Amino acid sequence: MVYISRTTRIIRYVQYAPRHLFNKYPEQSVAYCTFGLAGLIACIYKFWNFDTEAAKPWYRSRYEVVRPNDPRALGWRAPEEYPPPYLTNRDNVGYRTVKADYGYKAAL
């Protein structure tokens, strides 16, 4: 028997696989070629631009620059006030005070 290297067999399989899969599974192949390729392009784009977007503060879902006397900004908390006291357990003394420490009776 003639020896065929592993690399040669892999190359032949990779060359044969698209035709074989398209002949055996035409609908799945077409769907993968359209949506799979689009998804792959989207993933590559997201990973490529992963760290280039501006960093946003962790305490807001979006970053807005407004004047301090703006009516929208008057109700905002300062960054030092996050997380709000009713969502934290920083004053938690023991397991008996959990309800009070987690703000179950907080006046929101």
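The values are calculated or read from the model by the stated rules, or taken from the named source; none is laboratory data. All of these numbers come straight from a predicted model, not from anything done at the bench. Cβ coordinates were reconstructed from backbone atoms using ideal geometry, including for glycine residues, and neighbour counts include every protein chain displayed.
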So which pairs qualify, if the first residue must be in region 59-73 and surrounded by 10 or more Cβ atoms within 10 Å (Cβ to Cβ) and modelled with pLDDT of 80 or more, the second must be outside any loop (DSSP other than H, G, I, E, B) and not β-branched (Val, Ile, Thr), the Cβ gap must be under 8 Å, and the two must be at least 6 apart or on different chains?
Val66/Arg72; Val66/Ala73
For residues in region 1-58 being among the small types (Gly, Ala, Ser) and part of a loop (DSSP other than H, G, I, E, B), which is modelled with the highest pLDDT?
Ser5
